[in-house]
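Enquirer: Take a look at this one; I'll ask things after.
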Amino acid sequence: MDSRIPSSVTPLRSRGPTASGARVLALRAYVLGSLLAAWLALPRRADAQVAQRFAVHAEGGAGTMLPAYQRDTLGYGVMVQGAARLAFTVIDPLAVQVSGESWFAPATQGGGQQFSLTGGLRFEPRIGRAGRLFVDGNAGLGQSIQLSRLTLDVGVGAELSLGRGFAIGPFARLGALFAAATEHPSDALYWSAGLSGSWRLQPATAAPALPGDRDHDGVVDPGDLCPDVPAGDHPDPARSGCPQGDGDADGCFDRDDRCPDVPAGDRPDPARCGCPVPDADRDGILDPDDACPTLAAGPTPDPERRGCPDNDQDGDRVTDHADACPTVPMGAHPDAARPGCPSPDRDGDAVPDAVDACPDRPGAPSTRRGRNGCPGLVRVERGMIRILRPVFFGNNSDVILRRSDAVLAAVADALRADPTLARVAVEGHTDDVADDTFNQRLSERRATSVLRDLVRRGVAEGRLESHGFGETRPVAPVRTRAARAMNRRVEFRIVSFGGVAESERRER
């Protein structure tokens, strides 16, 4: 126990080698048996449940020696004691444990000290949620000076739960360190008291769903606008408990989707979240690839310009790539050998050679047998239907005189015979006699009278328009009787020819 103990009083002599050896063997067998019991109690599968059955305990306290020899003779009045224990619960509340313990008793000259390794049982019933009581008993080998001795101890205490697996509380312990029989026996008996603490792994439990949270999204049902649909990773900030909407299911949420009802598709617009690349003319060619993004390709797309319709410059409904005469309307008499072309017209009187009774003399279309394309009272040339006789009116009147019937009948016959003369303007002119206002109104009334006469002769009114120019466009600027007679006139100007304006037709 102490270097100050004289050899005559230290337990150096045993009662016999047989008894001493048997005691040591029994102690070792007890410790090994405790460890074996703990090992056998382990389940074969090392998982979280096994780990939760282990507990770590620590003690620290102070006490005194009880025998007079240690207390009075050796001067071990007060001692400090500490221990660390590892326990394994076999069947709650019964556990096996191994311990490492030490106590130290200071004295005026030197002191006493002992280290021990023990095994034992621990009974620790629960006291509700407050903590546990415990009673334990341990036996093992204690080392004092150079001697190994049998040591026993028992303890009692209570540990109150602190949460997270920690507990702390008071304890009291009684222990003994046995010595071999000598002339002066020196078995040590002590008691101590102090604080005991422990820690054990808590069961891992999944957080229970909040009360009334059917979709388990953390928003309780009374405040959840979508109680059966989890809010997910992208909750809607405007609707508690709801995911952000994506009505067109294109991956761009509605609040950011510039086209919330139209899926972005395979080619989303990088400048507009949730929108496809635009197709302004809806011809199936997306604008970045469309040479005519605002004009639909239509049933006859241009093979050279993607997304564009094929042109029809002459307006004859034969597209340019199929039109052998893309700048000339085919008219009422298309050439069978050349798509989009009119039949040949050598004299240029708008009557094709194939039906022109006078193919080398300019005339005008006519419904009269043998007179189609022959010279007569009218002639088609340079965008005009030229009349070779004037239209006569009553003096200062818009009444057409009967002697004008022949020329007006010829004009009507030409219009009926050739529907490619799509629109014709009837233009009235006067001389410079009388005031400007009177002449202007007179010219307008005369042009209107001629238009109505042509309609009565079978020309569709939609092909005609009338204008009066008064004295503003004289053909003979001199103020003679003959010049004034020339200025009093009616002219027929072709506005559109076969669907194309005559001015454009002449340019082509």
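Enquirer: Return the sequence-ordered ³J(HN,Hα) values of region 232-239 in whole Hz as given by the Karplus equation 6.51 cos²θ - 1.76 cosθ + 1.60 applied to θ = phi - 60°, using x for Gly and Pro.
Expert: x, 7, 10, x, 7, x, 8, 9
Enquirer: Something else now. If each residue of separation counts as 0.36 nm, what is the full-extension length gain between residue 381 and residue 294 once their alpha-carbon separation is subtracted?
Expert: Stretched fully, the residue 381-residue 294 segment lengthens by 27.4 nm.
Enquirer: Placing +1 at every Lys and Arg Cβ and -1 at every Asp and Glu Cβ, with all other atoms neutral, what dipole size does region 222-277 have around its Cα centre, in debye to the nearest 20? Mind showing how you got there, number by number?
Expert: On the way: 5 positive and 13 negative charges, 38 e Å.
Charge dipole of region 222-277: 180 debye, to the nearest 20.
Enquirer: Also, quick follow-up: Quick check: pseudo-label points 7 Å beyond the Cα along Cα→Cβ at residue 214 and residue 166, how many nm apart are they?
Expert: It works out to 4.3 nm between the two label points.
Enquirer: Further question: Out of residues 5 or more away from residue 490 or on other chains, whose amide H comes under 5 Å of its own, with H placed 1.01 Å from N in the peptide plane?
Expert: Here 391 satisfy the definition.
Enquirer: Suppose the chain between residue 271 and residue 50 were pulled fully straight at 0.36 nm per residue; how much longer would it get relative to their current alpha carbon spacing? It would help to have the intermediate numbers written out before the result.
Expert: Working: separation 221, 0.36 × 221 = 79.56 nm, distance 5.83 nm.
Here the answer is 73.7 nm.
Enquirer: May I ask you to evaluate 6.51 cos²θ - 1.76 cosθ + 1.60, the Karplus curve with θ = phi - 60°, for each residue of region 130-140 and list the ³J(HN,Hα) values in order in whole Hz, giving x for glycine and proline?
Expert: Taking θ as phi minus 60°, the curve returns 6, x, 9, 8, 8, 9, 9, x, 9, 9, x Hz for region 130-140.
FYI, it's all coordinate maths here, none of it is from the lab. None of the values given here were measured: they were computed from a predicted structure. Note that we place each Cβ from the backbone using ideal geometry, even for glycine, and neighbour counts take in every protein chain shown.
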